[in-house]
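Notes for the one structure printed next.
The values are calculated or read from the model by the stated rules, or taken from the named source; none is laboratory data. Because the structure is predicted, anything quoted here is derived from the model rather than measured. Methodologically, a virtual Cβ is constructed for each residue, glycine included, from the backbone with ideal geometry; neighbour enumeration extends over all protein chains shown. Side chains are part of the model used for accessible areas, which takes the heavy atoms of the whole protein and leaves out ligands, DNA and RNA. Shrake-Rupley method; radii C 1.70, N 1.55, O 1.52, S 1.80 Å.
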Amino acid sequence: MTRLKRLTLGLLTGATLTAGLWLPAANAADEPAPPNQFRNIYKSSVYGMTVTVTHELIPLGDNRHKLRFFADSLVASIEETSTFSSPEGELLQPELYSYDRSGLGRDRKARITFDWDTRKVINDINDNPWKMDVPVGTQDKVSFQVQLQRDLIAGKTENLAYTIADGGKTKQYDFAIVGNERLKTPLGEVDTVKIKRTRKDSDRVTYAWMAPKYDYLLVRMQQEEDGDVYTINIDEAEVDKQKISSFN
C-alpha cells in the first residue's frame, strides 16, 4: 500500500472511531436526554487533497434514530450508518449497521442486522452472510459513539468500555480520559477533554478532543499509526437546524 493510500484510508476510516455527536444538555437531576438532530462537518488534508467528513443524526420517531457518517475525498469515500433505538433507562439497541467503501482499490460493503429476541446478529460482508451470538448491550461501530457520549454527559469518567460487533466477532473498545486542553478551532477557542483509545494488538492510537461545555461535541480527532498522523478538525456545527457560528 502506498503512503498516500494509507494516509487517505487512515483519515477516512479513523474518523469513524470517535466521530463527534451533539447531545442536548441534561439537568444534573435528569437522566441523559436522547440525541437530537444534528449535522457536523470536519475537514483535513493529505498531500493537499481535502478530506471532508459529514456526521449527522436523523430522528426516525418512536425513540429511533439513524446516525450517518460520510467521509469523502477525491480518490475515495466511505459511508457508515447505524439505525438504533433508545429504550428508556437502558443501553442503546442497534438495529442495522451498514458500511460502504468505494475507491482505493476494491470496493467493500457490509451489513450487520441485530436480532435482540435471539441475541444474534447477521453479518453480511460482500454478500456473504453468517450469524453469531452477541451479549446484551452490544453496539455496532457507529452506535457506540452515542452511548459513549451519554456516559460522559452522565458524569462517567472510568470504565469507558464497549462491546462492539465488528468483523464477524465481538471486540472491546476501551477509552480513557487523559487530560484537558484548550484548542483553537475555526469556530473559536474551546476547552476540551482529551480522550484516548488504545488497541491491545495494534500500535494504532486514537485521540479525541471533546468539549464538555457543548455536551462533549468532538472538536478534533487524531490517529497515530506506523509513524503517520491523521487529524480531522471541526469546521461547521449545526444542532436542531441552528448553526453554531462560534464557541465564544
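Every condition in (1) loosely packed, with under 12 Cβ neighbours inside 10 Å; (2) within 14 Å of the chain's Cα centre (by Cα) is met by V146 except one, and the failing one is (1). If you go through the stretch 71-85 and keep only what is of a type outside the set (V, I, T) and either touching a Ser or Thr at 6+ places or on another chain (Cβ under 6 Å) or touching a residue at least 60 places away in the same chain (Cβ under 8 Å) (or both), you end up with A71, D72, S73, A76, S77, E80, S82, F84. For S44, the stated conditions hold: it is of a type in the set (G, A, S), in a strand (DSSP E or B) and more than 20 Å from K169 (Cβ to Cβ). K213 meets each of the listed conditions (1) outside any strand (DSSP E or B); (2) open to solvent by less than 40 Å² (accessible area, probe 1.4 Å) apart from (2). The requirement of being assigned to a strand (DSSP E or B), over 16 Å from the mean Cα position of the chain (by Cα) and modelled with pLDDT under 90 is fulfilled nowhere in the stretch 151-161; no residue meets it.
Let's see how each residue does on (1) buried (at least 18 other Cβ atoms within 10 Å of the Cβ); (2) of a type in the set (D, E); (3) under 14 Å from the mean Cα position of the chain (by Cα):
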site: R64; (1), (2), (3): no, no, no
site: A71; (1), (2), (3): yes, no, yes
site: A76; (1), (2), (3): yes, no, no
site: E80; (1), (2), (3): yes, yes, yes
site: G89; (1), (2), (3): no, no, no
site: D107; (1), (2), (3): no, yes, no
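Quick check on V134: is it within 17 Å of L91 (Cα to Cα), open to solvent by less than 70 Å² (accessible area, probe 1.4 Å) and at pLDDT below 90? So V134 does not fit the description; no.
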